[in-house]
Amino acid sequence: MDKMWSGRFSTGASSLLDQFNASIMYDRKLYKEDIEGSLAHAAMLTKQGILNTEELRDITKGLNQVMSEIELGEFEWNISDEDLHMAIEKRLTSLIGDAGKKLHTARSRNDQVAVDFRRFVIRKNTEIVEGVKLLMQEIIVVADKHTQTMIPGMTHLQHAQPINFAFHLGAYLSMFKRDIERLENSALRNNISPLGCAALAGTPHKIDRDMTAQILGFDSVSINCLDTVSDRDFALEILFNISTMMMHISRLSEELVMWSSYEFGFVELSDAYSTGSSIMPQKKNPDVPELLRGKTGRVYGSLMGLLTVMKALPLAYNKDTQEDKEGVFDSVQTAEISLDILKEAIKTMEVKSHNMESACGVGHLSATDLADYLVKECDIPFREAHFITGRAVAKGEEMKVDLSKMDFKYLKEIDARIGEDVIEYLGLRASMNARTSQGGTATARTLEQLEYFKNYLKGN
Ligand code: ARG
């Protein structure tokens with residue numbers, strides 16, 4: 001009968017219940033947020049005359065000792081204490097006596113856990129943003145070297161038009177920038193203090209919620225206590241934001257897997273970030289991008305898990321909500337290591353420019369340029385130009401010659417209006433550099449894009 005809530009119970013909890021009910025095995029990760037929350041709460045209770053200064057002194061000293069015991073690994077985590085909130089309060093009371101029993105005045109575990117978890121999530125939003133920025137920087141280093149390196153731009157995984165490799169990487173820079181914006185936006189929206197909401201309805205004690213909010217670094221105080229103790233949107237947001245970021249990481253990973261195959265041969269991952277086979281001695285496997293792709297599924301699972309936990313909960317706090325933490329802890333950790341290892345894999349990979357460029361020599365990548373030529377120089381309507389170009393492509397297929405290398409005389413046979421100047425349009429580099437519209441792949445435009453991302457990372 002050593003439970004804090006045991007007053008109305010006549011028999012003790014079964015050990016099976018302890019195991020099933022406890023969150024202490026994982027919520028102890030929030031010890032710092034929890035102790036800081038208690039220190040702020042105690043300071044506020046003292047200013048409001050609810051605690052006296054000796055009590056505050058004892059509580060502060062006791063909580064600091066608990067913090068150092070935890071950090072030194074000396075704290076005794078006991079499953080029968082249920083969660084970290086009760087374990088810390090119990091230890092505090094054993095250290096300082098009666099003052100420890102007053103700390104929970106005008107507070108509940110419901111607002112306490114909301115404070116701890118919200119602060120953890122907001123801190124992680126910021127830390128993950130830093131990780132994404134470092135990844136972007138490394139992508140830019142590679143992109144800077146390859147603004148002239150041509151690679152087949154694809155749709156449907158079929159050769160489409162020539163682009164440069166930096167432009168291709170720039171697409172990922174755009175995605176990662178949006179990921180950062182989502183995380184930052186979410187941190188701003190959710191930086192609201194739950195402390196003082198107590199169990200669900202507020203408290204009759206004369207508390208100062210603004211004071212604790214300010215001490216804890218929240219921007220403001222929540223509006224409605226019933227919502228505040230049951231809301232887990234902030235946790236869902238980080239799960240969604242990480243899921244979307246992992247989806248981007250997974251798409252890039254998928255390309256790295258393909259590009260490092262013999263069939264593509266566009267990149268070679270460094271030995272330090274590749275693995276071998278236990279049976280086939282020749283193998284060098286891209287486990288890193290494959291695992292990144294796989295872990296994305298696991299992160300989605302956490303998002304779906306929490307959405308499902310929350311979907312039918314009546315107001316306000318329900319114990320189901322305790323299931324909010326593990327998926328977030330796991331996803332955050334997965335996101336952090338994923339960003340880190342992808343950054344290193346990209347930094348150390350070899351880009352095989354020669355293979356990228358020779359891959360551009362098949363698939364008639366400049367076919368659209370022939371159609372554009374017919375429109376611009378011969379005043380032929382686009383639909384007709386498309387048809388004529390299709391015939392030129394068929395001719396190329398028959399002769400086994402790429403359109404970019406086709407002799408002018410064959411083109412002339414297809415349509416007499418085609419002039420010799422067409423040759424300037426059909427070269428692959430000319431084709432790439434012709435795409436000068438805003439956001440296009442021409443090297444000059446790609447350089448502007450890289451400049452934009454560099455400025456963004458510099459905070460401009
Ligand atoms: N361990 C709980 C959780 O993580 C803390 C809040 C418990 N509140 C309660 N009324 N049982 O959700």
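The values are calculated or read from the model by the stated rules, or taken from the named source; none is laboratory data. Every value quoted in this text rests on a predicted model; they were computed, and no experiment measured them. Glycine gets a Cβ as well: all are built from the backbone with ideal geometry, and neighbour counts include every protein chain shown. All accessible areas refer to the heavy atoms of the entire protein, side chains included, with ligands and DNA or RNA removed. Shrake-Rupley method; radii C 1.70, N 1.55, O 1.52, S 1.80 Å.
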### Query
Could you state the number of Å between the C-alpha centres of region 30-85 and region 205-262?
26 Å
### Query
What's the center-to-center distance, using Cα atoms, between region 320-340 and region 355-420 in Å?
52 Å
### Separation in nanometres of the label points that stand 7 Å from Cα toward Cβ, at Asn78 and Ser94
0.5 nm
### Task
Note down the net charge around Gln214, summing +1 for each Lys or Arg and -1 for each Asp or Glu among other residues with Cβ under 14 Å from its Cβ.
-1
### Task
Would you mind computing, in nm to one decimal, how far apart the modelled labels at Thr53 and Glu290 are, each placed 7 Å from Cα along Cα→Cβ?
6.7 nm
### Query
Tell me, what is the FRET efficiency for Asp2 and Val141 to the nearest 0.05, using R0 = 60 angstrom and their Cβ-Cβ distance as r?
0.55
### Message
Are there DSSP H segments in the chain that both extend 20 Å or more along their axis (alpha-carbon positions) and score a mean Kyte-Doolittle hydropathy of at least -1.0? List them, or say none.
### Response
31-47, 53-71, 109-145, 165-190, 233-259, 287-310, 325-348, 382-399, 443-458
### Query
When the chain is fully extended, how far beyond the present Cα-Cα distance does Leu16 get from Asp210, taking 0.36 nm per residue of separation?
65.7 nm
### Query
For the pair Ala201 and Asp271, how long in nm is the line joining their label points, each one 7 Å along Cα→Cβ?
7.0 nm
### Query
So what is the relative contact order of region 143-298, in percent, for Cα pairs below 8 Å that sit 6 or more residues apart?
16 percent
### Task
Using Cα pairs closer than 8 Å and at least 6 residues apart in sequence, work out the relative contact order for region 304-460, in percent.
15 percent
### Query
Ignoring ligands, DNA and RNA, how do Ile238, Ile423 rank by accessible area with a 1.4 Å probe, largest first?
Ile423, Ile238
## Note on the structure
Taking Cα pairs closer than 8 Å and at least 6 residues apart, the relative contact order of the chain in percent is 16 percent
### Query
Carbon and sulfur together cover what percent of the accessible area of region 398-438 at a 1.4 Å probe radius?
51 percent
### Summary
Here the Kirkwood hydrodynamic radius of region 31-72, Cα-based and in Å, equals 10.4 Å
### Task
Using the structure shown, list the pairs from Lys295/Lys319; Lys29/Lys343; Lys29/Lys319; Lys284/Lys347; Lys124/Lys343 with a Cα-Cα distance above 22 Å, or answer none.
Lys295/Lys319; Lys29/Lys343
### Task
Leaving out ligands and nucleic acids, note down the accessible area per residue over region 78-204 with a 1.4 angstrom probe, in whole Å².
36 Å²
## Note on the structure
Candidate cut points under GluC sites (Glu not before Pro) in region 49-140, DSSP loop plus at most 10 other Cβ atoms within 10 Å of their own Cβ, are Glu74, Glu76
### Query
Of all DSSP beta bridges located in region 100-248, what percent are antiparallel, nearest 5?
75 percent
## Note on the structure
Ordered by number, the GluC sites (Glu not before Pro) in region 215-270 that occupy a DSSP loop and have at most 16 other Cβ atoms within 10 Å are Glu263
